Structures are given as C-alpha cells and as structure tokens.
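Colleague: Below: one structure in structure tokens.
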Amino acid sequence: MLSSIIQISLGAILINNFIFSQFLGCCPFLGCSNKVDTAVGMGLAVVFVMGLASAICWVINEYILVALHLEFLQTLAFILVIAALVQFVEMFLKKMVPSLYSALGIFLPLITTNCAVLGVVLLNVQNNYNFIESLVYGITGGIGFLLAIVLFASVRERVEFAEYPECFRGFSICLVSAALVALAFMGFSGMAIPV
Amino acid sequence: MTSILLSMLVLGVLGGIFGGLLAFASEIFHVDVDPKQAAVREVLAGANCGGCGYPGCDGYAAAVAKGEAPCNRCVAGGAETAAKVAEIMGASVDAAEKMVAFVPCSGSAGVAEMRFNYTGPQDCQAAMLFGGKSNKLCTFACIGLGNCVNACQFGAMHIENGVAKVDRSKCVGCGACVDVCPKNIVKLIPESQKIMPACSNKDKGAAAMKMCSVGCIGCMKCQRECPSGAITVKEFLAQIDPAKCTQCGHCAEVCPRHIITTLK
C-alpha cells in the first residue's frame, strides 16, 4: 500500500508531471505565471481542488456510475461535479475563511476550466485507483502543477530583464522558455520506481 | 432504451442535487456587499487612472467602504469628489490627515558599503534577483534604481546620490511608491511629521555600523532623551510615534549617528 502511494506520488510530481509530460492545464500554466506570487496562489488552489475533486468523483463513479453501468457518462458527470464543487468551495471560503479567499482570489473560479482537474479524475478511473490512491494522485498531481508553475514563473521573472531579439518579445519568448523548462523535465521520463 | 432513460435520470438528478445544494449554500454563505461601496463608486471620477494607488475606481471604492483608504485619494475628482465621498462615509473621516511618502534611508553613495557593483538593467526588482539581496551591503537600504520614481505619477520622487528622495510639495500620498519598493522600506507618514529617523536597518548595532556610516545602531539615546516619550527602539531601530511627537527636534541633536533628520 505504502509503496504504491510513493510510486503514485513521485510519478505524479516528477515523472508524469501534468504539465510537462501530459500537457494538461497548459492554459493557467501560461496565463498565471507572470509572477511567482500569483503562481503560488494558482498552484495552491489547484492542489486543493484536485484533491477534493478526486475524492468526490471517485465516490460518484464507484457508487453511481459503475453501479448503474453508466461508465460512458464519466466525462459529463465529472465536469458537473467539478463545476459545482468549485462554486461551492468559493462560497464556503468567502464566508468562512475570507483570508484564504482573498489570497486565492480570481484563481479559484478559473480552475473550473482547468483541464488538469478533469484529467486527474479521468486518469483515476483509467488506472483503477482505489479511494486512497485517487486522493493521493489528485493531491500530488496538484503539487506537480504547483512545482511546474512556480519554476516557470521564476524563469519568466528573470527572462523579463534579459536582452533577447525584438521579434521574440512577449508571448514568443514565454513559449520558448516553457519548452526549455519542459525539456528539463524530460530527464525524468522513463524512470521507474522499484516496488 | 433503459440506459438512455437511466442516464437522463442520473444526470438530471445529479444536476438537480448540485443546483439545489448551490442555491442552498448561496443562502447560507451569503456575504453582504457594503452599500456604501456602490455609493462611493457613483461619485468617483470614473477615469480608472490609478492615481489613488488602487486598481481602478472599483478597487478604491471598496477600500474606502472598508475604511482602509482616506476619502481624499481621488486625484482626478479633486476636492469636490473628496467632499462627496466624505459625506457618504460620515464626517469623522474628514479629520484624516494628508499623508506623504518617506524613504527611510540615508545610505547614499560613499556612505553605505557596497556588496557588489551592479551594472544590470536599471530596475530595483532586477537588482534584487541576485539572491534576494541588492547592491548595498545593508539589506534594508534603498537600492536607488528608481522603481518608485517610475511608479510616481506626480513627479514627486527622484534619485539623489543613490537614494530615493521625496518632494513633499508634489507628493499626494497615493502610496504607489510604497507598493513597488521591493525592499518595502518606503512608507507613508503624516505631512505634519517633520522629524524622522532616515534609516530602516534592523540589524544589531555592531553589524549596522560595519555596513553603513549613517545607520541606526539602536543605541536608545533618542528614546531616553525624548521629552514626550514618542520614540521607541524596536529591533535596533528608532521609531517615532507621530501621535506623541511634538516636533521639538531634540532627538536629531542627540543622535550620535545623525540619522534623525528634519524634513523640509
């Protein structure tokens, strides 16, 4: 049990990083990485929502969809769950934990459209994970996202002051540096953790 | 046929449950928006110029309604708008005094010891990228590359010999410089406060002495000598409480490091 959790965690954070090797969640990755501070906010919000979504979607899948042989509804049902969940969490935080709400700010509602969140719940089903494994995969997948976006934001902060050709200015240099950071993560690909 | 009906039923029920829960939750977790905020937003100039130092007129209206911002910050609206905002917020806020920016650092070139000779982009944030420290040995010192000068919309700041200075006659107290300073040393002080320690160093005396020949060493002399008890030395740094200070200037005379200065 423990070894499979370690295997899932390391896999989700480094080897099969959601952004750099599965290319899920690229939109917020490029959109919210101007500053390290906002990147950390976005990353933490994703960790939070991915963990919660994994747990709830696992329950819905196991006790409603699989029980009624309606597996083909997974994508649709999960989207519904994620959208409702994010709305609910937003309302809850606004009332109960205003400090966290203002820290996460605009990022919380934005996560509804983050495909990494839908990706993680669908992958949970695909990999036949049990409840604990799904939860771990969700949280560590979020941590992988956090790691990637913070690393990339620090790179972008430095690139802003670098001297590069005029034609690369703006989004082009951003995409080029994203490719280079992703290349660094290729070093992990193919690694296997002995069980 | 059954599977079609079943899937419609399942999604319908799921959607209904989630919708109901959300509707229910929005009742329970309802947060009131201050009606004053909308009223203040009405009377502002609406230019979204950012002169108040907040993100747009909406941001400023929210801050005023919460009581975090003074009523007279709308630069585009001027005195007329300030009077209207004050009316909405109640007369008590009228007493709020005008604030001006102040850079508590005297470490100009030749006085402060340098960590390295910085030749990169002329931007304080860029200079901070070298391990989070800057060109001067003192980690609390003004970097002097002028992020605050660029942020000031009123031309009230300039760099003098490696340290940012404020022209108090031009400063409107918007706080834009406070927000951009990567060292977080620029602060807003009441305009009537003329005596301020021009240093932000919180290191121990011996360490501060090595870094800068005009740094506060926390000797407590000002705290002992102040006739009105307005000065406290916290974390090896003299701090003046504007509420108690009588502007007598005695501390400036006794300070062995000559960092307590009289502002023009």
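Colleague: Given the conditions (1) of a type outside the set (Gly, Ala, Ser); (2) within 30 Å of A:Ala162 (Cα to Cα); (3) touching a residue at least 60 places away in the same chain (Cβ under 8 Å), and given that B:Lys187 satisfies all but one, which numbered condition is not satisfied?
Modeller: Unmet for B:Lys187, out of (1) of a type outside the set (Gly, Ala, Ser); (2) within 30 Å of A:Ala162 (Cα to Cα); (3) touching a residue at least 60 places away in the same chain (Cβ under 8 Å): (2).
Colleague: Exactly one condition in (1) within 11 Å of chain B (Cβ to nearest Cβ); (2) closer than 19 Å to B:Gly12 by Cα is not met by A:Lys95; state its number.
Modeller: Among (1) within 11 Å of chain B (Cβ to nearest Cβ); (2) closer than 19 Å to B:Gly12 by Cα, A:Lys95 violates only (2).
Colleague: Sticking with this one: Output the residue which, of all residues in segment B:148-168 that are free of Cβ contacts under 8 Å to residues at least 60 places away in the same chain and under 11 Å from B:Ala101 (Cα atoms), is surrounded by the fewest Cβ atoms within 10 Å (Cβ to Cβ).
Modeller: In this case the residue turns out to be B:Asp167.
Colleague: Sticking with this one: Consider B:Cys177 against the criteria (1) without any contact (Cβ under 8 Å) to a residue 24 or more places away in the chain; (2) part of a helix (DSSP H, G or I); (3) surrounded by 15 or more Cβ atoms within 10 Å (Cβ to Cβ): it satisfies all of them except one. Which criterion is unmet?
Modeller: (1)
Colleague: Hey, another quick one. Can you confirm whether segment A:180-189 contains a residue that is assigned to a loop (DSSP other than H, G, I, E, B) and under 21 Å from the mean Cα position of the chain (by Cα)?
Modeller: Taking every residue of segment A:180-189 in turn, at least one turns out to be assigned to a loop (DSSP other than H, G, I, E, B) and under 21 Å from the mean Cα position of the chain (by Cα).
Colleague: Can you run down the residue pairs with Cβ atoms below 9 Å, 6 or more apart or on separate chains, where the first is in segment A:47-66 and within 14 Å of B:Leu14 (Cβ to Cβ) and the partner is among the aromatic types (Phe, Trp, Tyr) and crowded, with 19+ Cβ neighbours inside 10 Å?
Modeller: Listed pairs, sorted by first residue: A:Cys57/A:Phe78; A:Ile60/A:Phe78; A:Asn61/A:Phe78.
Colleague: When only residues in segment B:208-264 that are among the basic types (Lys, Arg) and touching a residue at least 60 places away in the same chain (Cβ under 8 Å) count, which is surrounded by the fewest Cβ atoms within 10 Å (Cβ to Cβ)? Full working, then the answer.
Modeller: Filtering segment B:208-264 down to residues among the basic types (Lys, Arg) leaves B:210, B:221, B:224, B:234, B:244, B:257, B:264.
Among the residues that remain, those that are also touching a residue at least 60 places away in the same chain (Cβ under 8 Å) are: B:210, B:264.
Working: B:Lys210: 13, B:Lys264: 7.
Here the answer is B:Lys264.
Colleague: Quick one: which of B:Lys165, B:Lys170 is of a type in the set (D, E, K, R) and under 25 Å from B:Asp203 (Cβ atoms)? Walk me through how you get there before you give the answer.
Modeller: Working: B:Lys170 fails: under 25 Å from B:Asp203 (Cβ atoms).
Going through B:Lys165, B:Lys170 in turn, just one is of a type in the set (D, E, K, R) and under 25 Å from B:Asp203 (Cβ atoms): B:Lys165.
Colleague: Within 13 Å of chain A (Cβ to nearest Cβ) and of a type in the set (Asp, Glu), is that true of B:Glu80? Walk me through it before giving the result.
Modeller: Values: within 13 Å of chain A (Cβ to nearest Cβ): no; of a type in the set (Asp, Glu): yes.
It is false that B:Glu80 is within 13 Å of chain A (Cβ to nearest Cβ) and of a type in the set (Asp, Glu).
Colleague: Anything in segment B:192-214 that is within 15 Å of B:Val254 (Cα to Cα) and outside any strand (DSSP E or B)? List them, or say none. Full working, then the answer.
Modeller: Here is the first cut: in segment B:192-214, the ones within 15 Å of B:Val254 (Cα to Cα) are B:195-198, B:214.
B:Ala198, B:Val214 - these are the residues of segment B:192-214 that are within 15 Å of B:Val254 (Cα to Cα) and outside any strand (DSSP E or B).
Colleague: I've got another one for you. So which residues in segment B:180-203 are over 16 Å from the mean Cα position of the chain (by Cα) and basic (Lys, Arg), if there are any at all?
Modeller: Result: B:Lys194, B:Lys202.
Colleague: Within segment A:140-179, which residues are basic (Lys, Arg), over 21 Å from the mean Cα position of the chain (by Cα) and within 14 Å of chain B (Cβ to nearest Cβ)? So that I can check it myself, show each step before the final result.
Modeller: Within segment A:140-179, the first condition is being basic (Lys, Arg), and the residues that meet it are A:156, A:158, A:169.
Restricting the remaining residues to those that are over 21 Å from the mean Cα position of the chain (by Cα) gives A:158, A:169.
Across segment A:140-179, the qualifying residue is only A:Arg158.
Colleague: Something else about it: Is it true that B:Ala126 is free of Cβ contacts under 8 Å to residues at least 24 places away in the same chain and buried (at least 19 other Cβ atoms within 10 Å of the Cβ)? So that I can check it myself, show each step before the final result.
Modeller: Values: free of Cβ contacts under 8 Å to residues at least 24 places away in the same chain: yes; buried (at least 19 other Cβ atoms within 10 Å of the Cβ): yes.
Here the answer is yes, as B:Ala126 does meet what is asked.
Colleague: State which residue is modelled with the lowest pLDDT when the search covers only segment B:231-264 and only residues that are of a type in the set (D, E, K, R) and under 21 Å from B:Val100 (Cα atoms). Full working, then the answer.
Modeller: Residues of segment B:231-264 of a type in the set (D, E, K, R): B:234-235, B:241, B:244, B:253, B:257, B:264.
Restricting the remaining residues to those that are under 21 Å from B:Val100 (Cα atoms) gives B:241, B:244, B:264.
Numbers: B:Asp241: 88, B:Lys244: 87, B:Lys264: 73.
Among residues in segment B:231-264 that are of a type in the set (D, E, K, R) and under 21 Å from B:Val100 (Cα atoms), the one modelled with the lowest pLDDT is B:Lys264.
The values are calculated or read from the model by the stated rules, or taken from the named source; none is laboratory data. Note that the structure is predicted; figures quoted are calculated from it, not measured. All Cβ positions, even for glycine, are placed from backbone atoms using ideal geometry, and neighbour counts span all protein chains on display.
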